[in-house]
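Below you'll find the structure, written out as structure tokens, and then a few comments.
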Amino acid sequence: MAYLVRKINKKKNIDALRGDLKIDELTADMPTGELRTTNGTLSTWIVESLSELNEAVLAIAVTSSKVSKMDFLIIDTEILNNHNLEFKQTYAGRDIPIPDLQDTHYDIVNLSMGKLVNCVLAYKEVVDKDVDGKLVVRYSEGQIKDILKKAFDDDRVDISKAESGIKDMFIKFAGIVS
């Protein structure tokens, strides 16, 4: 069973999906904050099991401009299929600093206004199934730094492809004085 991992912009938007909610009564903050598309797509990273979640978190963190706490929605691909949402492997928009994760970037594709409603319904299904806190997950800044440090220590990082804030962290990990 595969999962697509998406960074949440504001956890309160996702929390608003809990319980008995009619989609047409949902405030516009949730879809406008969490479903910002580019060319009708939503960016995600794929993992084959929940035990691989740190790999997706690493891919997202290493493509960020800075390290901070992050929230994630982990979507079972069967839920997407059940809501007629398509996803496919895509280029992440740039080469990422962890080359072995480059091909784990997936987009939810061909999104129209109607399919955005399906996406909200899929998100709601994930939130409603998240009884044990494994599908809507928060990582602290320290946890993110630990994941980045482990990738660096394991020699998985191409520092030249990192954004400045993340690159500075890798330079500190290396003990390089600039």
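The values are calculated or read from the model by the stated rules, or taken from the named source; none is laboratory data. Quick caveat: nothing in here was measured; it's all calculated off a predicted structure. Quick reminder, even Gly has a Cβ in these numbers, built from the backbone with ideal geometry, and neighbours come from all protein chains shown. What goes into the accessible areas is simple: the full protein's heavy atoms, side chains included, and nothing from ligands, DNA or RNA. Shrake-Rupley method; radii C 1.70, N 1.55, O 1.52, S 1.80 Å.
Which residue is farthest from the chain's Cα centre (by Cα), if the candidates are limited to segment 23-49 and must be at pLDDT 95 or above and within 15 Å of Lys7 (Cα to Cα)? Selected residue: Thr41.
Would you say Tyr91 is in a loop (DSSP other than H, G, I, E, B) and either of a type in the set (Ser, Thr, Tyr) or without any contact (Cβ under 8 Å) to a residue 12 or more places away in the chain (or both)? It is true that Tyr91 is in a loop (DSSP other than H, G, I, E, B) and either of a type in the set (Ser, Thr, Tyr) or without any contact (Cβ under 8 Å) to a residue 12 or more places away in the chain (or both).
For segment 62-69, the criterion of being more than 22 Å from Lys11 (Cβ to Cβ) and out of contact with any Phe, Trp or Tyr (no Cβ under 6 Å at 6 or more places or on another chain) is met by no residue. If the condition is being in contact with a strand residue (DSSP E or B) (Cβ under 9 Å, 6 or more places away or on another chain) and under 16 Å from Leu80 (Cβ atoms), then segment 15-36 contributes Glu34, Leu35.
For the condition in contact with a Lys or Arg (Cβ under 7 Å, 6 or more places away or on another chain) and either under 18 Å from Leu21 (Cβ atoms) or modelled with pLDDT under 95 (or both), what is the one hit in Val127, Val109?
Val127
Every condition in (1) in contact with a Ser or Thr (Cβ under 6 Å, 6 or more places away or on another chain); (2) free of Cβ contacts under 8 Å to residues at least 24 places away in the same chain is met by Gly133 except one, and the failing one is (1).
Taking segment 1-76 and the helices (runs of 4 or more DSSP H) fully enclosed by it, the elements with 2 or more residues that are open to solvent by 70 Å² or more (accessible area, probe 1.4 Å), under 20 Å from Leu111 (Cα atoms) and not aromatic (Phe, Trp, Tyr) are at 29-34.
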